[in-house]
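S.K.: I'd like to ask some things about the structure below.
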Amino acid sequence: MAASVLVLSGCSLQQHDPEVTFYANGKTIRIEPTIYCAFDGSDCVEKNAPASLKVPAGKVVQISVDGQLASGIWEVVCVYENAARVQEGCSSPFLGRGDDYTYTLAVPNDSDQLLRIEVHEAAAAVLETGQPLMRGSWVVDVTR
């Protein structure tokens, strides 16, 4: 019996990278990171191509992160095009710390068109500016 317990414990489930879920326009996608680094922000690896999601102008995107991301610090950044066809950026406050599993991304005006959404996970290091160093990035290119 003891030998079988050792064998079973040696075959534990393989750990996977954290996943982020995006929901808009009646469609849900769940993606793994585009870039992911070690906990201290080193050894970064490009892992996956950006995903794509159709989001009509002015519509919100609901974002949900798994427990691994929610227990740390994460943020949402975006690029959108306003009515004058000028690209602008947006960002959420820092989220997580075990409290935030979801975020609803909304553009300022009904005519604004999202172009790109990124979820960033903070590493266990801080830049000279006081901003957290990025550990991972989940990227969605928006289609119309």
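S.K.: Looking at the structure I just gave you, is LEU114 outside any strand (DSSP E or B), touching a strand residue (DSSP E or B) at 6+ places or on another chain (Cβ under 8 Å) and under 17 Å from VAL20 (Cβ atoms)?
M.R.: No, not satisfied.
S.K.: Sort out which residues of segment 86-116 are free of Cβ contacts under 8 Å to residues at least 24 places away in the same chain, over 18 Å from the mean Cα position of the chain (by Cα) and buried (at least 17 other Cβ atoms within 10 Å of the Cβ), and write them in order of number.
M.R.: none
S.K.: Could you list, in sequence order, all residues of segment 119-133 that are in a strand (DSSP E or B) and either more than 11 Å from the chain's Cα centre (by Cα) or surrounded by fewer than 20 Cβ atoms within 10 Å (Cβ to Cβ) (or both)?
M.R.: ALA123, ALA124, ALA125, VAL126, PRO132, LEU133
S.K.: Quick check on segment 67-85: of everything there that is closer than 17 Å to ARG144 by Cα and either in a strand (DSSP E or B) or in contact (Cβ under 8 Å) with a residue 12 or more places away in the chain (or both), which residue is farthest from the chain's Cα centre (by Cα)?
M.R.: In this case the residue turns out to be ALA83.
S.K.: Going by the structure shown, is VAL60 touching a strand residue (DSSP E or B) at 6+ places or on another chain (Cβ under 7 Å) and crowded, with 19+ Cβ neighbours inside 10 Å?
M.R.: In short, no.
Yes or no, residue by residue, for (1) within 26 Å of GLY26 (Cβ to Cβ); (2) in contact (Cβ under 8 Å) with a residue 40 or more places away in the chain:
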position: ALA51; (1), (2): yes, yes
position: VAL65; (1), (2): yes, yes
position: GLU118; (1), (2): yes, yes
position: GLN131; (1), (2): no, no
position: MET134; (1), (2): no, yes
position: SER137; (1), (2): yes, yes
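Since every read-out is calculated from the coordinates, none of them should be taken as a lab result. Just so it is clear, the model here is predicted, and its values are computed rather than measured. Counting neighbours? That spans all protein chains shown, and the Cβs are built from the backbone with ideal geometry, glycine included.
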